[in-house]
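Written out below as structure tokens is the structure these notes cover.
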Amino acid sequence: MKEGQILNLDTECYHCGDGFSGRPIRFDDKNFCCDGCKSVYSILNKSDLCEYYDINAQPGITQKKYRKDKFAFLDLIEVQQKLIKYSDTNQVHLTFYLPQMHCSSCLWLLENIQKLNSGIISSTVNFNKKEVFIIFHPDVTSLRKVVETLADIGYEPHISLDDLDRKQTLRPNRTRLYKIGVAGFCFSNVMMLSVPEYVLGAGELEPEIALVFNILKVSLAIPILFYSASEFFVSAWKGLKHKFLNIDAPIALALIVTFGRSLYELLSGTGEGYLDSMSGIVFFMLIGRWLQDRTQQAVSFDRDFKSFFPIAVNVLKDGTSTPTTVDKIREGDLIQIHSQEIIPVDGMLSKGEAMIDYSFVSGESVPVSVAKGEIVYAGGKQTGGKIELLVVKEVSQSYLTNLWNKEVDASENDNTIIDTISTYFTYIVFIIGALAGAYWYMNGETRLMWNALTTILIVACPCALLLSSNFTNGNILRILSLNKFYLRSPKIIEKMSNISHVVFDKTGTLTQRRRSKVTYEGQILNKEIQNKITAILSQYSHPLTDAILEYLECTPDFEVTDFKLIEGKGVEAWVDEHHFKIGSPEFLGLKNDTIKGSKVVVGIDGEIKGIFHISNVYRFGIFDLIQKMKDTFKLSVISGDNDAEWQVLKEYFDKDDLLFYQKPDDKLKYIEHLQNNSSANVMMIGDGLNDAGALRQSNVGIAITDSDNTFTPASDGIIDAQRIANLDKFLAFAKDGRKIIGVSFFVSILYNIVGLYFAVQGILSPLIAAILMPSSSISIILITYGMSEWMAKYRGLTKIKSKV
Amino acid sequence: MSAIIIMLIISVMIAGGFLIAFLWSVKDGQFDDDFSPAHRMLFDSKSKEDTKTNI
């Protein structure tokens, strides 16, 4: 992943490649950024697994220590039953989802994991799905120990509430590959059997041989029609039932007519049929569909809140804590939440200091302190120490669950441009057919009439149209996913090409998550005072103080006395005979002026010394992106956070298009308002659960993710945060896609005109059909592939190294 | 004349053999993951243990 770069092991961690925020930890002559990375290295070193670092440099993942009994819930029988696929006395089979997996080093390490835990019999990685299939011996080790082994080396499996409800992941759909295989076999053999007829002309073969050939041809065409092409019939039938003519309907009709007519010709001995053309078309169309539908298996677009929730929490009863699955938690239970855990139920705080980070639910970037007796809502993340909650509402009734259920069930309009065109196309073909048929009927040529009617339907099949959209979309999806922009389905490309209004979330989308910029204004603080402030602020943890500590970069060596923390306001303390008061402007007796931002005021002995401004850090290239997009799209920002960043953003956006203090509901309504009032096609880009409603309401909802292992709400697409600056290119590329489909459609129309020229006269011979149809298919494939590659190059989207 | 028919039967049977091989490989999961096997074979196995236990 970092090949080609010069490794700088003096400034970057040997394990994970992150820079050092303080002094690196030396171990075994190597630098590490944190204890976690060091401990992974030492585990691997001990078991002689350091080849991990030879395959790829710095392959690790920043490691966080997990709590000792974090995985205690895996000892519960009911949890085990849900996770385990198969078990007997000698072996247990199960699959874990490891979102951290990203390179061949991961693959190597995970498949050598039995060196770390002798109870593991074997482990096999499916890299595309980021899954590892493990077989272990239940007498030697346990489920919990296996998970702990994985977590120790930085691959903590993602086990969520979702896994409890759902059956184990489905096998990948292999049916289409079977169909392609069968179609390819039958197509090539039918083609081979038809060659003598092309060369010699019809009726020149010896009758016995011709009979054998014909029997074989028909028996090879039958599996194509009834097995390989079955999805066209199914889809056409579904469309017709809803009184809707989709593109599969004319294709299904053409296939039936071709087969029927060929059968008639072969039986009556009047010709040799069009079975070769029919088989070829089915084969090409199936390949097109397969290419288009090869979506990212590892990216899940349908996550709901359950994927974010822990599977179990500790319930306190009579002084002892027992892990309990979340769905078994009842009102009135007392639960324990540890630092950095997500709260799965609404509860009343009964013990401990709660600093709840609701950024995922509300978009608010600063954690909220909750007083004892107040309600803590599900979906919040505890950032302080250990707390205890009295459950008020069960998981199925919590505020967050309601929020989720209230969301619009966006009635998807499946009518794509291809379907629309194909409807017209079908009508035109019918009209031509009727006119030609009527003409020959008037002239008394009934045989020619049937000839013309059927061959028109055969040759004017909109397969080329289907091929052009399948191959173009398939290649666009592939190129976009190389750029770490994953789309749920090919339909989204077309929707993207119609976007007129782009709405951004602020926290986590325009700005970086968990990173802030500090500026100081006021009297200059000398080193000594800075040191004292550090000493005070090191006493407790809060995102704002953490940011200031990072900014000051001091190691405290003063003693703090009479430390007093006033939740939500600030701190008071004595250091070296001086009285320090650090906190919000109100706390220091200042009036908070117009714009509420994140400010920390420092006062010493009753005198205000200065103010730290803590502001968001914008993602790299985001303002360039906005400048570039401004002319083509209408842009808005909608944030659940305060308006501290208004000053910065008003430079780039229209004042009316900047909205702050928006609840999740407001966001949804805003999108709806845009769609109804200015009939805009809205693209929403957001990251949290608070955007989930808006993401669904919008025409295209894109979720942004910081690393591969963070979880995103349900959306139409997922984009890597590093690549957000390319958004304008992606949108332009989607528009190109439509042009490419247009061009290739035009080419297919030319082929159709040639074919129809013969067909209306009733003289379309199987040879002409056999030349025209495959050559139109192949030229369409070449045009779509070539043009989409060229366009990607033109937009600068191809110079991307693959992920390994 | 009959030679052609015999040849034909043989050729269809050979092609059928390849079809069966393909269907078998799909069923075996060889097309499910195109990353792992390609990289797995490049690892030097220092240990004698067989790491390629397949499903």
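The values are calculated or read from the model by the stated rules, or taken from the named source; none is laboratory data. Only a predicted model underlies this, so the values are computations on that prediction, with no experimental measurement involved. Cβ atoms come from the backbone with ideal geometry, glycine included; neighbour counts cover every protein chain shown.
Residues that are at the interface with another protein chain (Cβ under 9 Å from one of its Cβ atoms), surrounded by fewer than 20 Cβ atoms within 10 Å (Cβ to Cβ) and among the aliphatic types (A, V, I, L, M) do occur in segment A:106-126.
Filter segment A:360-382 down to residues that are at pLDDT 75 or above and among the hydroxyl-bearing types (Ser, Thr, Tyr) and give me whichever is surrounded by the most Cβ atoms within 10 Å (Cβ to Cβ).
In the first step, residues of segment A:360-382 are kept if they are at pLDDT 75 or above; the result is A:368-382.
Filter again for among the hydroxyl-bearing types (Ser, Thr, Tyr), leaving A:369, A:377.
Details: A:SER369: 18, A:TYR377: 21.
For segment A:360-382, the residue satisfying everything is A:TYR377.
To keep it simple, each residue is scored yes or no on (1) under 17 Å from A:TYR155 (Cα atoms); (2) part of a loop (DSSP other than H, G, I, E, B); (3) among the small types (Gly, Ala, Ser).
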site: A:ILE61; (1), (2), (3): yes, yes, no
site: A:LYS68; (1), (2), (3): yes, yes, no
site: A:PHE73; (1), (2), (3): no, no, no
site: A:GLU78; (1), (2), (3): no, no, no
site: A:TYR86; (1), (2), (3): no, no, no
site: A:LEU107; (1), (2), (3): yes, no, no
site: A:GLN114; (1), (2), (3): yes, no, no
site: A:SER118; (1), (2), (3): no, yes, yes
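Number of residues in segment A:174-209 that are within 30 Å of B:ALA21 (Cα to Cα) and over 38 Å from the mean Cα position of the chain (by Cα): the value is 10. Beta carbons closer than 6 Å, at least 6 apart along the sequence or on distinct chains, pair a first residue in segment A:220-238 that is closer than 15 Å to A:CYS463 by Cα with a second that is among the acidic types (Asp, Glu) and buried (at least 18 other Cβ atoms within 10 Å of the Cβ) for A:PHE232/A:ASP248; A:SER235/A:ASP248; A:ALA236/A:ASP248. Against the criterion of being in a strand (DSSP E or B), touching a residue at least 12 places away in the same chain (Cβ under 8 Å), surrounded by 20 or more Cβ atoms within 10 Å (Cβ to Cβ) and not assigned by TED's automatic domain parsing to the domain that holds A:SER698, A:VAL637 does not qualify. Restricting the first member to segment A:544-571 and to residues that are of a type in the set (Phe, Trp, Tyr), and the second to residues that are at pLDDT 80 or above and part of a loop (DSSP other than H, G, I, E, B), the beta-carbon pairs closer than 8 Å and six or more apart or on different chains are A:PHE558/A:ASP576.
Within segment A:165-185, identify whether any single residue is modelled with pLDDT under 85, buried (at least 20 other Cβ atoms within 10 Å of the Cβ), touching a Pro at 6+ places or on another chain (Cβ under 8 Å) and part of a helix (DSSP H, G or I), and answer yes or no. Walk me through it before giving the result.
Initially, segment A:165-185 is screened for residues modelled with pLDDT under 85, giving A:165-174.
Applying the additional criterion that residues be buried (at least 20 other Cβ atoms within 10 Å of the Cβ) yields none.
No, segment A:165-185 contains no residue that is modelled with pLDDT under 85, buried (at least 20 other Cβ atoms within 10 Å of the Cβ), touching a Pro at 6+ places or on another chain (Cβ under 8 Å) and part of a helix (DSSP H, G or I).
When the residues of segment B:1-31 are filtered to those that are assigned to a loop (DSSP other than H, G, I, E, B) and under 13 Å from the mean Cα position of the chain (by Cα), which remaining residue is nearest to A:LEU177 (Cα to Cα)? The residue in question is B:PHE31.
From A:THR712, A:THR784, A:THR705, grab the single residue that is touching a Ser or Thr at 6+ places or on another chain (Cβ under 8 Å), surrounded by 23 or more Cβ atoms within 10 Å (Cβ to Cβ) and at pLDDT below 85.
Values: A:THR784 fails: at pLDDT below 85; A:THR705 fails: surrounded by 23 or more Cβ atoms within 10 Å (Cβ to Cβ).
Every option except A:THR712 fails the conditions.
Among the residues of segment A:654-690, write down those that are assigned to a loop (DSSP other than H, G, I, E, B) and out of contact with any strand residue (DSSP E or B) (no Cβ under 6 Å at 6 or more places or on another chain). Explain how you work it out, then say what you get.
Of segment A:654-690, the ones assigned to a loop (DSSP other than H, G, I, E, B) are A:654, A:660-663, A:678-681, A:687-688.
Listed by number, the residues that qualify are A:ASP654, A:PHE660, A:TYR661, A:LYS663, A:SER678, A:SER679, A:ASN681, A:GLY688.
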